[in-house]
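J.: Structure incoming, see below.
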Amino acid sequence: MFKIVLFIPIFFSPLLMGADVTTLLEKHKGGAWSVTYSTVEPIKKLTFKRNPDNSRVKRWQPQNSEFVIKYDEDNGLESVTKLDGKGFTEVKIWLTSTYTPLPKEYASFSPFSDNGFLFHSGRFFACADICVPELNKWPFEVKAQDKNIIVGGEVYSREANWIDKDSGQKVYIGNGIPIKDTHFVSLIDTKLPKELKKHISNDLPKLMNFFTNKMGALNYRPALFASYSETINGSYGNQGGTLPGQIFMHWYGKKSIEQLNSDSVFWFFAHEVAHLYQRKASEIESQSEAWLHEGVAEYLAGIATSDLRNNKSLFVKKVNIAKKRCFNGLENKSSYSEAAKLNPKLHYSCGLLLINAIDRNLTANNENFDIFRAWNKFNTQVESGEAAAVRTFLNVIKPYISDELSRSINLLSGTDEIDTIEVLKKIAANK
Ligand SMILES: [Zn+2]
């Protein structure tokens, strides 16, 4: 395929400009981590692509004190410059590689207890000057002493390089040995408490079979990474996530294990596995529409819990909690997307309410069309080039739901000022 950019002078092409930055991530002997950015032409500023907060300022340390990492309050971007403002072609930065949760973002490092690590490549994407949305090509190189580096399902030793894209991916570096079975290529922390290992080996295959029955088999074997790290400051919790083809879970702190509740572990797994089966359509383009894939993942976790664990009451309880949280979060807000920008957790609670209402409407009006079918149809459209967006999903379900419901959903995802709670109440009442 010919590329039109060939006719554009290089200095006008943002695509080429950003691609000039090469990223080298190194795990040194003794365990220290560094990232080195280099460019062919001198640049004055290096700005990061993904900026959930200002934690690079606190946790990253340029090797040379002539450099500084700054957080710009106005645009929320973190960048690296030289103190004297002069140009540079290389900067090396030392990293803190402990686990730290980032708001609405994948953690940079999930340590395994045997000194292995899972890192998120997207955390390191950086551009000369500023990142433009068109740029989606990130030359990446990794060097380590460890036996295994797992990138995109392939296992390398000591070094690897690739061109990354989109939201990036989780990359494993360590001496752990991946296990291939029918469902996953997995890397499970050897120190993961046995209760959790049991959940992983019992619950996950059940969930994979359940979703395969409902939504069709995946045409690849996803990677599963599960890690555990102790904490020194008493913090604890767990975080999971999916990126295309990968599912990952991290537990940190002793309390996260002491307080394990098998129902919530199951729900947590089901939510993440549901994302895998959402396939390409799970990559919803606009953050303000995240209620769609998060709401469906919550809802499908509810269905899986009811079916596979014979526990319908947890589902009912979750919907009631979601109702409270969603309505509280929308109080005095005339726009759902504005409210969710302030409180992204609303995508889970309001999303669950919305999808619960949608599925009830679908199944009440149609014998053979439910949320599983709706999502599959939506995904087929996304795979064939339609936007992964609420408007595409609505077009799919419109013939199967009441006009009233489709009007309310339109109102909620539109830009008009509305009484959000009133609209959601109406939706929840399934009118
Ligand atoms: Zn999710």
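FYI, it's all coordinate maths here, none of it is from the lab. Keep in mind the model is a prediction, meaning the values are calculated, not measured. In this analysis, Cβ positions are derived from the backbone assuming ideal geometry, glycine residues included, and neighbour counts consider all displayed protein chains.
J.: Name the long-range amide H neighbours of F112: under 5 Å, sequence gap of 5 or more, or other chain; modelled H, no Pro or chain starts.
T.: For F112, the qualifying residues are F117, L118.
J.: Further, regarding this structure: Tally Lys/Arg at +1 and Asp/Glu at -1 over every other residue whose Cβ is under 15 Å from the Cβ of V155; what's the total? List each step's numbers first, then the result.
T.: On the way: positive: K147, R158, K170, K180, R221; negative: D146, E154, E159.
Around V155, the charge tally is +2.
J.: Can you tell me the dipole magnitude for region 3-173 around its Cα centre, using point charges on the Cβ only (Lys, Arg +1; Asp, Glu -1), in Debye to the nearest 20?
T.: Values: 22 positive and 21 negative charges, 52 e Å.
Value, rounded to 20: 240 debye.
J.: List the residues whose amide H sits under 5 Å from the amide H of D129, counting only those 5 or more places along or on another chain, with H placed 1.01 Å from N in the peptide plane.
T.: Here the answer is K44, K45, L46, T47, since their amide H atoms fall under 5 Å of that of D129.
J.: Sort out for me the Cα centre separation of region 159-217 from region 115-147, rounded to whole Å.
T.: Here the two parts' Cα centres lie 21 Å apart.
J.: On each of the three principal axes of the Cα atoms of region 3-173, give max minus min coordinate, whole Å, ordered largest first.
T.: Between the extreme Cα coordinates on each principal axis of region 3-173 lie 48, 37, 30 Å.
J.: Relative to the longest principal axis of the chain, what angle (0 to 90°, nearest 10) does the C-alpha long axis of helix 346-365 take?
T.: Rounded to the nearest ten degrees, it is 40.
J.: Would you list the P(r) distribution for the chain, with all Cα-Cα distances sorted into 10 Å bins from 0 and each bin expressed as a whole %?
T.: Histogramming the chain at 10 Å steps yields 4, 20, 28, 26, 17, 5, 0 percent.
J.: Convex hull over the alpha-carbon atoms of region 134-243: what's its volume per residue in Å³?
T.: Working: hull volume 17.5 nm³, N = 110.
Value for region 134-243: 159 Å³ per residue.
J.: Cross-link candidates for K255: which lysines have Cα within less than 17 Å, leaving aside residues fewer than 8 places away along the same chain?
T.: Within reach: K191, K194, K197.
J.: Mind checking region 40-113 for GluC sites (Glu not before Pro) that DSSP puts in a loop (not H, G, I, E or B) and that have at most 14 other Cβ atoms within 10 Å? Don't jump to the answer; show the numbers that get you there.
T.: Working: sites: E66, E73, E78, E90, E105; in loops: E66, E73.
Answer in residue order: E66, E73.
J.: Could you size up the charge dipole of the chain around its Cα centre, putting +1 on the beta carbon of Lys and Arg and -1 on that of Asp and Glu, and report it in debye to the nearest 20?
T.: Value, rounded to 20: 920 debye.
J.: Now, a different point. Under 18 Å from the Cα of K333, which aspartates and glutamates turn up, not counting those fewer than eight places away in the same chain?
T.: Reachable aspartates and glutamates: E289, D416, E417, D419, E422.
J.: Among P244, S201, A304, which residue has its Cα positioned farthest towards the positive end of the charge dipole of the chain, with +1 placed on the Cβ of Lys and Arg, -1 on the Cβ of Asp and Glu, and the dipole taken about the Cα centre?
T.: Farthest along the dipole direction, towards plus: S201.
J.: Of K49/K137; K104/K170; K27/K180, which pairs sit farther than 18 Å apart, going by alpha carbon to alpha carbon? Let's see the in-between values first.
T.: Working: K49/K137 11 Å; K104/K170 16 Å; K27/K180 26 Å.
Long pairs (Cα-Cα over 18 Å): K27/K180.
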